[in-house]
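In what follows, a single structure is set out as structure tokens and then discussed.
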Amino acid sequence: MFEVLTGTGLAASAGLNAYIPLLTMGLLARYTDVIDLPSGWQWLGNGWVIGILAVLLAIEVVADKVPVVDHVNDVVQTVVRPTAGGLAFGAGSSSETVTVSDPGSFFSSHQWVPVVTGVLIAFGVHLLKSAARPVINATTAGVGAPVASTAEDATSVVVSVVAILLPVLVLVFLVGLAFFVYWFLRRRSDRRRQRDAARAAGFQV
């Protein structure tokens, strides 16, 4: 069960920022004993890979905080984030961590399952992020973009670390995400009704 929670947390984190969970695993695997990547995923701890991920993260952090540019970035990331989510889930769920000592027992066969699962989780979170950002930009005249992006990056970092050290807390994040989805859908529905009412009142006049 911990394998699933670890993979889910890392994949969801990738849906917010593709590079944070991969960079987190790479750094922890290279410089600590917190996570032991399996042979097929040890490339994440390579110095060159860590350096490339750091550069890509720096670009993402800047691009995601500029209105309009963030929308273009989200379009590009439609492919990158789900891919990163698949890699993060596959590597994270197959790794030996402080809470998982026999990761191979859960995904002993069907090695493609965790990767596909991670792709779907990251893609879902990415779609939610991409749908919420234009609303935030429109309602705050763009001022909310850097604030929202910073909050997303911070959440991605926290969830990535928690998924590895205390995966049970990923459940808290999932519950919070479910509440956010409910609130966001309700808000969009209310705004649509208000626009329809205003349009109807305009026609009556």
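The values are calculated or read from the model by the stated rules, or taken from the named source; none is laboratory data. None of these values were measured; they are calculated from a predicted model. Note: ideal-geometry Cβ built from the backbone for every residue, glycine included; neighbour counts use all protein chains shown. These accessible areas exclude ligands, DNA and RNA; they are computed on the full protein's heavy atoms, side chains included. Shrake-Rupley method; radii C 1.70, N 1.55, O 1.52, S 1.80 Å.
Scanning the stretch 57-67 for residues that are free of Cβ contacts under 8 Å to residues at least 40 places away in the same chain and open to solvent by 30 Å² or more (accessible area, probe 1.4 Å) yields a count of 3.
Among residues of the stretch 80-113 being modelled with pLDDT under 80 and in a helix (DSSP H, G or I), the one that is most open to solvent (accessible area, probe 1.4 Å) is Trp112.
Against the criterion of being out of contact with any strand residue (DSSP E or B) (no Cβ under 6 Å at 6 or more places or on another chain) and open to solvent by less than 20 Å² (accessible area, probe 1.4 Å), Asp33 does not qualify.
Close contacts from the stretch 26-37, counting a first residue that is farther than 18 Å from Val55 by Cβ and a second that is polar (S, T, N, Q), with Cβ to Cβ under 6 Å and a gap of 6+ residues or different chains, come to Ile35/Ser95; Ile35/Thr97; Leu37/Ser95. Within the stretch 36-53, restricting attention to residues that are open to solvent by 50 Å² or more (accessible area, probe 1.4 Å) and hydrophobic (A, V, I, L, M, F, W, C), the residue that is farthest from the chain's Cα centre (by Cα) is Trp48.
Looking only at residues in the stretch 117-152 that are in contact with a Ser or Thr (Cβ under 9 Å, 6 or more places away or on another chain) and open to solvent by less than 40 Å² (accessible area, probe 1.4 Å), the one that is modelled with the lowest pLDDT is Arg133.
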